Protein chains: 2
Amino acid sequence: MSQNSRKILSEHSVSITNPRILVLEALLDFGNPITIDELQLKLGDSVAKSTLYRVLNDLKKINILNEFTSPDNSTVVELILEDHSHHHHLFCSDCGEVIDVELSEEFEIMLTKEIQKVQKKFNFEITDHRVEMFGLCTEECANCKKN
Amino acid sequence: MSQNSRKILSEHSVSITNPRILVLEALLDFGNPITIDELQLKLGDSVAKSTLYRVLNDLKKINILNEFTSPDNSTVVELILEDHSHHHHLFCSDCGEVIDVELSEEFEIMLTKEIQKVQKKFNFEITDHRVEMFGLCTEECANCKKN
DNA sequence: AGCATAAATGAGAATTTATCTCATTTTTTT
DNA sequence: AAAAAAATGAGATAAATTCTCATTTATGCT
């Protein structure tokens with residue numbers, strides 16, 4: 001249903017266009033995170049390459065898209081929706097998979113305290129943080145089995 | 001003194017060449033981390049572009065170079081020397097500066113525990129992790145003042 | 001609904017970043 | 001010191017992202 005995407009766009013007063021809907025649909029459908037490569041495959045030629053990048057930048061501007069780089073240097077993108085709580089990332093160095101990970105409440109509290117210390121020490125205004133973990137997924141991973 | 005660089009290279013049984021020494025000197029002299037851009041500037045044309053990338057890859061191979069991507073998508077590189085203890089990174093979203101940050105012992109212990117939980121939950125073998133913090137440096141920053 | 005204006009798009013050119021090729025030079029081995 | 005192996009420079013190539021501009025689409029107004 002494209003209603004979700006339309007709603008997201010209008011809530012952020014961004015004009016509703018076909019490419020934007022298609023990109024949002026793809027992101028919603030896949031469930032994040034996804035590499036730009038995979039996203040392009042998924043979209044086929046329904047959205048021009050230049051437009052895809054433009055749309056991703058639009059989404060970043062309205063703060064509903066998070067972008068980061070995986071250990072193998074591919075760009076990964078993920079929607080940040082209201083129901084999408086604070087989390088971190090686990091990367092498989094072999095197959096490139098990225099998994100969303102939530103850490104414990106106590107840990108987050110402690111991390112917040114650490115961040116406050118860092119803010120003071122370096123006179124920074126820290127607006128965001130992330131914990132990234134790298135490793136190898138084991139037996140279960142269908143992608144890794146392929147190799 | 002190029003003795004340090006020579007020592008580093010020979011300790012890792014990597015042949016001692018001029019470009020390698022120059023790149024190591026630059027990294028040691030600057031104090032990490034540094035963007036590849038800045039590194040190129042620093043080296044001028046004393047080392048060919050292709051050689052620079054090759055040398056960086058060589059250093060990665062012998063595990064004395066850490067590479068990551070800053071929020072503005074530039075590649076940042078940093079030497080990992082013995083005396084260089086475990087640390088994390090603080091990025092200024094404005095001027096692009098990257099600062100090494102050490103967090104408290106207790107925090108690291110707790111993080112290790114969290115990582116063990118994640119390993120079990122996702123059946124991963126986690127080999128590395130990093131905490132990245134983003135924000136704005138304030139008055140003190142010479143770079144930001146420029147803007 | 002229909003028009004005018006502003007904004008977004010597609011297609012390909014241009015830019016940027018990193019890797020590759022290969023003839024020459026430097027290092028290592030003997 | 002000579003031979004063999006490895007590294008380098010310069011430029012070509014490749015991949016990822018942004019830019020340009022003519023055309024299309026969305027929006028605001030009547």
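The values are calculated or read from the model by the stated rules, or taken from the named source; none is laboratory data. Bear in mind that the values here come from a model prediction, so they are computed numbers and not experimental data. Glycine gets a Cβ as well: all are built from the backbone with ideal geometry, and neighbour counts include every protein chain shown. Just the protein is used for accessible areas: all its heavy atoms, side chains included, with ligands, DNA and RNA removed. Shrake-Rupley method; radii C 1.70, N 1.55, O 1.52, S 1.80 Å.
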iface B-A | buried accessible area, total | probe 1.4 Å | Å², round 100 | 3400
With just the Cα atoms defining each centre, how far is the stretch A:74-128 from the stretch B:1-75? Give it in Å. 29
Show me, for the stretch A:59-74, the HN-Hα J-couplings you get by feeding each phi into the Karplus relation (A = 6.51, B = -1.76, C = 1.60, θ = phi - 60°), rounded to Hz, glycine and proline as x. 5, 5, 4, 8, 6, 10, 10, 10, 10, 8, 10, 7, x, 8, 6, 8
Read phi for every residue in the stretch B:19-27 and hand back ³J(HN,Hα) as whole Hz from Karplus 6.51 cos²θ - 1.76 cosθ + 1.60, θ = phi - 60°, with x for Gly and Pro. x, 5, 5, 4, 5, 4, 4, 4, 5
Accessible surface of chain A [probe 1.4 Å, protein heavy atoms]: carbon and sulfur percent: 48
I'd like the Karplus ³J(HN,Hα) series for the stretch A:93-109: coefficients 6.51, -1.76, 1.60, θ = phi - 60°, whole numbers in Hz, and an x wherever there's a Gly or Pro. 6, 8, 9, x, 4, 10, 10, 6, 10, 9, 9, 5, 3, 4, 4, 4, 4
Starting from the Cα of A:LEU41, step 7 Å along the direction of its Cβ; do the same at B:GLN40; then give the gap between the two resulting points in nm. 3.1
Which value at 222 nm does chain A reach when only helices count, each DSSP H run of 4 or more adding -39,500 (n - 2.57), with the total divided by all residues and rounded to the nearest 500 deg cm²/dmol? -13500 deg cm²/dmol
Just to confirm the numbers: B:GLU125, label point 7 angstrom along the Cα-Cβ line, distances to the other copies in nm, shortest first? 4.6
If Lys and Arg each add +1 and Asp and Glu each add -1, what is the summed charge of the other residues whose beta carbon sits under 15 Å from the beta carbon of A:LEU56? 0
Please list, by residue number, every one of the GluC sites (Glu not before Pro) in the stretch B:1-80 that is coil in DSSP and has at most 11 other beta-carbon atoms within 10 Å. none
Per residue, accessible area of chain A with a 1.4 Å probe, heavy atoms of protein chains only, in Å², comes to 55
For a quick check: with amide H placed at 1.01 Å from N, whose amide H comes under 5 Å from A:THR69's, ignoring anything fewer than 5 positions away on the same chain? A:VAL76
For a test of the definition: using alpha carbon positions, the gyration tensor, and the 1.5 limit on a/c, classify chain A as rounded, prolate or oblate. oblate
Please say if the stretch A:85-147 is rounded, prolate or oblate, where rounded means a/c under 1.5 for a ≥ b ≥ c the square roots of the C-alpha gyration tensor eigenvalues, and otherwise the choice is prolate for a/b larger than b/c and oblate otherwise? prolate
Heavy atoms of the protein only, probe of 1.4 Å, neighbouring chains included. What is the accessible area of A:GLU132 in Å², nearest 10? 10
Could you compute the net charge surrounding B:LEU103? Neighbours are other residues with a C-beta less than 15 Å from the C-beta of B:LEU103; K and R count +1, D and E count -1. -3
Shielding by partners - mean other protein chain Cβ count within 10 Å, residues of B:102-115: 4
Residues whose modelled amide H sits under 5 Å from the amide H of A:VAL101, counting only those 5 or more places away in sequence or on another chain, are A:HIS88, A:HIS89, A:LEU90
